[in-house]
1. When Lys and Arg each count +1 and Asp and Glu each count -1, what net charge do the other residues less than 12 Å away from Gly142, Cβ to Cβ, add up to?
2. So if the hydrodynamic radius of the chain is defined as the Kirkwood radius over C-alpha pairs, what does Stokes-Einstein give as its diffusion coefficient at 20 °C and 1.002 mPa s, in µm² per second?
3. Treating only the Cβ of Lys, Arg, Asp and Glu as charged (+1, +1, -1, -1), what charge dipole size does the chain show about its Cα centre? Round to the nearest 20 debye.
4. Once you list every other residue whose beta carbon is under 11 Å from the beta carbon of Thr16, what net charge do they have if Lys and Arg are +1 and Asp and Glu are -1?
5. Measuring from centroid to centroid over Cα atoms, what is the spacing of the range 43-75 and the range 105-159 in Å?
6. Using 0.36 nm per residue, how much length does the chain from Ala199 to Arg160 gain when fully extended, once their Cα-Cα distance is taken away?
7. What angle, in degrees between 0 and 90 and rounded to the nearest 10, separates the Cα long axis of helix 78-87 from the longest principal axis of the Cα atoms of the chain?
8. Which cross-chain or sequence-distant (5 or more) residues have an amide H under 5 Å from the amide H of Ala37, H modelled 1.01 Å from N in plane?
Amino acid sequence: MRIGELSRTTGVSVPTIKFYVREGLLPAGELTSPNQASYGETHVRRLRLIRALMDVGGLSVAAVREVIVAVDDSERPVHKVLGAAASRLVPRYGHEPGAGMEEARERVADLIAERGWHTHEGGPAAEALATALAALEDAGHGAFTEVLGAYADAAERVARVDLEYVAHHVAREEVVESVVVGTVLGDAIFSALRRIAHADASDRAFGRTT
């Protein structure tokens, strides 16, 4: 297909497609003449991945390039490719260093060890969790960590469901796209379900009279 058809198929404008090619996010089309190039399904799939990373994941061009490099590295295990994508989706929070933050990091490291999770205790997700725990302590709700185990149980169940969904996809790019979309939209779905469950639990605990 020509670049115009590629644009119509994917909904990505021609100037944007050319920009992605210049930035190394999208491979150039196969030249059929000095001024014409042909594109295929590989380009369609790659454009959809780029849009998922940017529109759903909120990644910058530089961050997308890093994920694309991981996807194109055929020697890199799928687990590592997923890690490269997922780590870019974790929020980064600024927090002043101090005793509270160090204690929170130790609590996160202990949690990871206790549950036998195969993950890096200094990674972006662990740091985000430590920041949240430190903020709870600062707000006078440090006791909230008493329910951290229950949250971890729920997170494990959700993670298993997520990966079962991803396992149905074969192509590496489709796997990464599933992780991006599933993580971002899955967070929104889980948050909404939690709010609904909160409303029900509140009504049962405090709203009903006998």
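Laboratory data are not the source of any read-out in this text; all were calculated from the coordinates shown. What you see is a predicted model, and the numbers here were worked out from it, not measured in a lab. Counting neighbours? That spans all protein chains shown, and the Cβs are built from the backbone with ideal geometry, glycine included.
1. Summing Lys and Arg as +1 and Asp and Glu as -1 gives -3.
2. Working: Rh = 20.0 Å.
This corresponds to a translational diffusion coefficient of 107 µm²/s.
3. Rounded to the nearest 20 debye, it is 940 debye.
4. Within the 11 Å Cβ shell, the charges total +2.
5. With the range 43-75 and the range 105-159 each reduced to a Cα centre, they are spaced 29 Å.
6. 11.4 nm
7. Once rounded, one gets 70 degrees.
8. Long-range HN contacts for Ala37: Ile3, Thr32.
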